[in-house]
Amino acid sequence: MISDEAKKKIQLGLGLVVLVVGVRAGYILYQRHEEYVAAEKREQAKRAGYANADYYVTPKKLHPFDVKSAQQLTEQPVWVKEGYRYTYYRYVPVVKRVDFAHEEGLLGPLERLEIKDVMAVPAPGGRKQVVATFEKDGHSFAVPVGFEAEGQYKFYSDEMFFVEDPHELYKHWPADVWQAVERHEVKPGMNELQVDFAVGMGSLDAGSSSAERTLSAERTLHYANGGKPLVVVYRDGKVAEVISGGPEAFRVERKSKSRF
């Protein structure tokens, strides 16, 4: 005979299994819904007759839901989607410790990484950070790709990395555009995505349209560009002006043009 206490433990164990399976299934269904919405948007773009082939590119996503599934990041190279956005830290492999107290740098535009491991480690604030480790210039580093809270994991690695070579994903771009991207240069006629690939993340000027990558309004974005700031003005979705320097250089340039 099974005692009442044993029955309660069995029921509790089964309840936890059902809960974990339910959460995982819900997360997978949510991700599949996101993929469906993205596919619908691509179909709408086709029906609208958008000529920009970028609209039809669908980068692969890994959809990690725990540390084990996030190990997929180690199975192929990854490329950074938005340069100068994600901070990395020194990692000590012997003790598996990340030195969160000291920032080592920012991942560069389209920087190629070979992820060595993915793990959950203690971090400031009391919760665990999920980090991906890699080597660079003979040293080991770690970059956060998610976190753990209340027993559940949240990952943003799909937003951080391409797991397919961007040169293949966007092979429809002209050779001169890819040459500019690889030299981290901005040329007239490039679109915003191409500029992102070349010089990293940009921030919208306060006076510009908030419509993402709009084709109908002038937009001005500021790029930190790893310490070499640029201001880029877009018209009809393409680079029209490139100004070296920060906001002050941009104001001086605009002021001088307004005199004529």
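List the number of the failed condition for Phe65; all other conditions in (1) within 30 Å of His222 (Cα to Cα); (2) out of contact with any Leu (no Cβ under 7 Å at 6 or more places or on another chain) hold.
Of everything listed in (1) within 30 Å of His222 (Cα to Cα); (2) out of contact with any Leu (no Cβ under 7 Å at 6 or more places or on another chain), Phe65 misses just condition (1).
Please specify each residue of segment 145-158 satisfying the condition of being touching a Lys or Arg at 6+ places or on another chain (Cβ under 7 Å) and of a type outside the set (Phe, Trp, Tyr).
Listed by number, the residues that qualify are Gly146, Glu148, Ala149, Asp158.
Can you pull out the residues in segment 85-122 that are open to solvent by 20 Å² or more (accessible area, probe 1.4 Å), within 18 Å of Asp158 (Cα to Cα) and β-branched (Val, Ile, Thr)?
Matches in segment 85-122: Thr87 only.
I'm trying to understand the selection: among the residues of segment 104-125, which are under 28 Å from Gln194 (Cβ atoms), in contact with a Ser or Thr (Cβ under 7 Å, 6 or more places away or on another chain) and part of a strand (DSSP E or B)?
Of everything in segment 104-125, just one residue is under 28 Å from Gln194 (Cβ atoms), in contact with a Ser or Thr (Cβ under 7 Å, 6 or more places away or on another chain) and part of a strand (DSSP E or B), namely Leu106.
If we only count helices (runs of 4 or more DSSP H) wholly inside segment 126-237, which ones have 1 or more residues that are surrounded by fewer than 16 Cβ atoms within 10 Å (Cβ to Cβ) and of a type outside the set (A, V, I, L, M, F, W, C)?
157-160, 166-169, 175-182
Would you check which residues across segment 208-241 are more than 20 Å from Glu82 (Cα to Cα), modelled with pLDDT under 90 and touching a Leu at 6+ places or on another chain (Cβ under 9 Å) and list them?
Ser208
Is at least one residue of segment 242-253 open to solvent by less than 60 Å² (accessible area, probe 1.4 Å), modelled with pLDDT under 95, aromatic (Phe, Trp, Tyr) and not in a loop (DSSP other than H, G, I, E, B)?
yes
Restrict the check to segment 61-78 and report whether at least one residue is in contact with a Lys or Arg (Cβ under 9 Å, 6 or more places away or on another chain), closer than 29 Å to Ala224 by Cβ and open to solvent by 60 Å² or more (accessible area, probe 1.4 Å).
No, segment 61-78 contains no residue that is in contact with a Lys or Arg (Cβ under 9 Å, 6 or more places away or on another chain), closer than 29 Å to Ala224 by Cβ and open to solvent by 60 Å² or more (accessible area, probe 1.4 Å).
The values are calculated or read from the model by the stated rules, or taken from the named source; none is laboratory data. None of the values given here were measured: they were computed from a predicted structure. Positions of Cβ are backbone-derived with ideal geometry, glycine not excepted, and every protein chain shown enters the neighbour counts. Protein only, heavy atoms only, side chains kept; ligands, DNA and RNA dropped before computing areas. Shrake-Rupley method; radii C 1.70, N 1.55, O 1.52, S 1.80 Å.
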